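The structure under discussion appears below in the form of structure tokens.
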């Protein structure tokens, strides 16, 4: 599968990653200035090419906060099915109430599956257990919109319910401030207004297939 993102974004992202990694290892003050110039160049490229990306100054500040060797970020998602085979979806407050499956950035000191379980509890109140890693997708190869400044891996876990009813602020977690609704949908009832930065219709279709056929191997790229 070819990358669905524009060339300018791939080039700017690569320049930023080279600069970030260079700053992590160089001790030469002249190289520090060169890498900082590359960071500023990447910010200007993104700002000039996409009004949604933000200003060059905002992007440069975002990039400056990224330190160490540049690697993709990790997004985890939990595909929770009830006994009737319906998929749990939530409304994202940060994306005008569009629908997705629960998920978010992976946290340190937790395994990927633990992060998925935590995200489900935080965003829906349901306690679940991750049973299978179904999809490992590069966000740029799948057609997610809008495109973002960083490279992202998306991990989708099939999860089973441990309780048919949501808990009260599951597992003692803080009140949910990310989603406004959580419902189960049959395959032919999936909402059309998806949060396409987080989930796409073809990914949902594959998650239903993995739920129906647990023997399917993990799909990647």
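The values are calculated or read from the model by the stated rules, or taken from the named source; none is laboratory data. Because the structure is predicted, anything quoted here is derived from the model rather than measured. No Cβ is skipped: glycine too gets one built from the backbone with ideal geometry, and neighbour counts run over all protein chains shown.
Report yes if some residue within segment 110-117 is modelled with pLDDT under 95 and either in the same structural domain as residue 140 (by TED's automatic domain parsing) or assigned to a helix (DSSP H, G or I) (or both); otherwise report no. No, because not a single residue in segment 110-117 is modelled with pLDDT under 95 and either in the same structural domain as residue 140 (by TED's automatic domain parsing) or assigned to a helix (DSSP H, G or I) (or both).
Considering 205, 134, the condition of being at negative phi, in contact with a helix residue (DSSP H, G or I) (Cβ under 9 Å, 6 or more places away or on another chain), touching a residue at least 40 places away in the same chain (Cβ under 8 Å) and not in a loop (DSSP other than H, G, I, E, B) is satisfied by 134 alone. Just one of the listed residues (183, 213, 198) is more than 24 Å from residue 96 (Cβ to Cβ) and either in the same structural domain as residue 142 (by TED's automatic domain parsing) or surrounded by fewer than 18 Cβ atoms within 10 Å (Cβ to Cβ) (or both), and it is 213. Screening 120, 128 for residues that are over 24 Å from residue 192 (Cβ atoms) and at pLDDT 95 or above leaves exactly one candidate, 128. So, in segment 1-25, of the ones that are more than 25 Å from the chain's Cα centre (by Cα) and surrounded by 14 or more Cβ atoms within 10 Å (Cβ to Cβ), which residue ends up nearest to residue 62 (Cα to Cα)? Across segment 1-25, the extreme among qualifying residues is 23. Taking the listed residues 191, 149, 166, 217, the one that is modelled with pLDDT under 95, part of a loop (DSSP other than H, G, I, E, B) and more than 30 Å from residue 12 (Cα to Cα) is 166, with no other qualifying. Please enumerate the residues belonging to segment 90-120 that are surrounded by 15 or more Cβ atoms within 10 Å (Cβ to Cβ), more than 17 Å from residue 177 (Cβ to Cβ) and out of contact with any helix residue (DSSP H, G or I) (no Cβ under 8 Å at 6 or more places or on another chain). Selection gives 99, 112, 113, 115, 116, 117.
Selection within segment 51-82: residues that are in contact with a strand residue (DSSP E or B) (Cβ under 8 Å, 6 or more places away or on another chain) and not in a strand (DSSP E or B). The member of this set that is farthest from residue 221 (Cα to Cα) is 82. Of the residues making up segment 41-62, those that are free of Cβ contacts under 8 Å to residues at least 40 places away in the same chain and under 20 Å from the mean Cα position of the chain (by Cα) number 1.
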